[in-house]
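Peer 1: Quick one: structure below, then a few questions.
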Amino acid sequence: MTLDLDFVRGHFPAFDAAPLKGQAFFENAGGSYTCRPVIDRLTRFYTERKVQPYAPYEASTLAGAEMDEARRRMAAILGVETDELSFGPSTTQNAYVLAQAFGEMMQEGEAIVVTNQDHEANTGPWRRLAARGIEVREWRIDPDTGLLDPADLEDLLDDRVRLVCFPHCSNVVGAVNPVTEITALAHAAGAFVCVDGVSYAPHGFADVGALGPDIYLFSAYKTYGPHQGLMVIRRALGALLPNQGHHFNGNTLYKRFTPAGPDHAQVAACAGMADYVDALAAHHGADGPQGVHDLMRGAEIPLLQQLLDAVKDRNSVRLIGPDRAEGRAPTVALALNRPGEEAAADLAAHGIMAGGGDFYAGRALSAMGVDMERGVLRLSFTHYTSQAEMDQLLTALDAVL
């Protein structure tokens, strides 16, 4: 089954916006374009339903119903129960709140495992628990490949480890980690698992229920939606962790770890992401969210291999992560002999929107020996990217590199 790119791009107003004409967007890992169903829902909420939700009058009832719809439908896509899905202002803040909860639950001398492959959002908050007497153990990447070896994790696990945190895939290395295998190792040692799905989710929503982690985090603004963080916390763990919300919300799982009031409009607009998935499934005859996931990956892999082939053998370029498209996300970081931001600026003159820097992944890049004053050039795309845009990028890279 082949993705109908015209149908897909018809769902994204950005492709018809005059200021973006002729521009090829290759910084999707920083935030994707927003799909029309999300924009329509957000506009409707602000226009017709911007009131305190869950009151008995109609506008309020409809507002609450839309928020409930978003939670229900997104939880179903992720393969979890409705109350296991929480919305918060960002993945970084969601992880921070969770770290506070674990800090209250854990005892001095107990341990957590973090990686140096992570974005700072899923490593920094956990590392701060060292100040409470909690041991922080680092699962380190191979400095040449940037990959995590599950065998190295086994050496870190014992009966003192309460939590293992790692990314579904890194926002600079790109390789997809074996979540189910790693989760099984951690669970066998008696530890819970927290997976940062921010860099994976834009390429197809994961079946979190099937993968098995206790916590799964990602950002809606990178999955065609509004600026919200989505957080799955399975019931068994959620019941154990101390409530971080108002005391009167302590008996509601999806409110226990969102201490601030939710952004009503943006939560409601998240149902537009489910609208988009459903539209793709219906148009292509795909088997639900997993079928849409496979359609997206099927569209990305051929384009990604073209990019990898174009850069992997250049003398002035170090490709971070694997050079095969299968098993990695279309997020490609390149270490150059000059700052990545300079290269991104040069690409902009060719109509390429890309980024340079460390992308909050300084631990991973430093471990791989990347000059942090230069950082990397990062090129990232998703399923709505066209062959013409890839051709534009490859031509620009020839000129710039």
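Peer 1: Of all the accessible heavy-atom surface of the chain, with the other protein chains kept in place and a 1.4 Å probe, what percent is carbon and sulfur?
Peer 2: 50
Peer 1: Also: Could you list which residues have their amide H under 5 Å from that of Phe12, counting only those 5 or more apart in sequence or on another chain, with H placed in the peptide plane?
Peer 2: Correct list: Arg36.
Peer 1: When a/c reaches 1.5 or more, the comparison of a/b and b/c decides; with that in mind, is segment 114-165 rounded, prolate or oblate per its Cα gyration tensor?
Peer 2: oblate
Peer 1: Could you provide, to the nearest whole Å², the per residue accessible area of the chain with probe 1.4 Å?
Peer 2: Roughly 39 Å² per residue, with all protein chains present.
Peer 1: Residues with beta-carbon under 15 Å from that of Phe248, excluding Phe248: net charge, scoring Lys, Arg +1 and Asp, Glu -1?
Peer 2: Combined, the nearby Lys, Arg, Asp and Glu give +2.
Peer 1: On to the next question. In debye, nearest 20, what is the charge dipole magnitude of the chain about its Cα centre with +1 on Lys and Arg Cβ and -1 on Asp and Glu Cβ, if you could check?
Peer 2: In total the dipole reaches around 860 debye.
Peer 1: Within the set of other residues whose C-beta is less than 10 Å from the C-beta of Ala344, count the net charge using Lys and Arg as +1 and Asp and Glu as -1.
Peer 2: -3
Peer 1: Where Lys and Arg each count +1 and Asp and Glu each count -1, what net charge lies around Glu138 among other residues with Cβ under 11 Å from its Cβ?
Peer 2: Local charge sum for Glu138: +1.
Peer 1: Determine the distance separating the Cα centre of segment 1-74 from the Cα centre of segment 154-194; give it in Å without decimals.
Peer 2: With segment 1-74 and segment 154-194 each reduced to a Cα centre, they are spaced 33 Å.
Peer 1: Of the candidates Asp83, Asp214, Asp152, which one comes out as most mobile in a Gaussian network treatment of the chain with C-alpha springs shorter than 10 Å?
Peer 2: Comparing Asp83, Asp214, Asp152 in a Gaussian network model of the chain, the most mobile one is Asp152.
Peer 1: Can I get the semi-axes of segment 264-346's equivalent ellipsoid? Compute them from the C-alpha gyration tensor as square roots of 5 times the eigenvalues, in angstrom, largest first.
Peer 2: 34, 19, 9
Peer 1: Could you tell me what percent of the DSSP beta bridges with both partners in the chain are antiparallel, to the nearest 5?
Peer 2: Counting DSSP beta bridges with both partners in the chain, the antiparallel share is about 50 percent.
Peer 1: Taking only DSSP H segments of four or more residues, each worth -39500 (n - 2.57), what value at 222 nm results for the chain once the sum is divided by all its residues, to the nearest 500 deg cm²/dmol?
Peer 2: Counting only the DSSP helices, I get -12000 deg cm²/dmol.
Peer 1: What is the packing order of peptides 376-385, 133-142, 117-126, taking the mean over residues of other C-beta atoms within 10 Å and listing the highest first?
Peer 2: 376-385, 117-126, 133-142
The values are calculated or read from the model by the stated rules, or taken from the named source; none is laboratory data. All values derive from a computational prediction rather than experimental measurement. Every residue, glycine among them, receives a Cβ derived from its backbone with ideal geometry; neighbour counts consider all protein chains shown. With ligands, DNA and RNA removed, areas are computed over all heavy atoms of the protein, side chains included. Shrake-Rupley method; radii C 1.70, N 1.55, O 1.52, S 1.80 Å.
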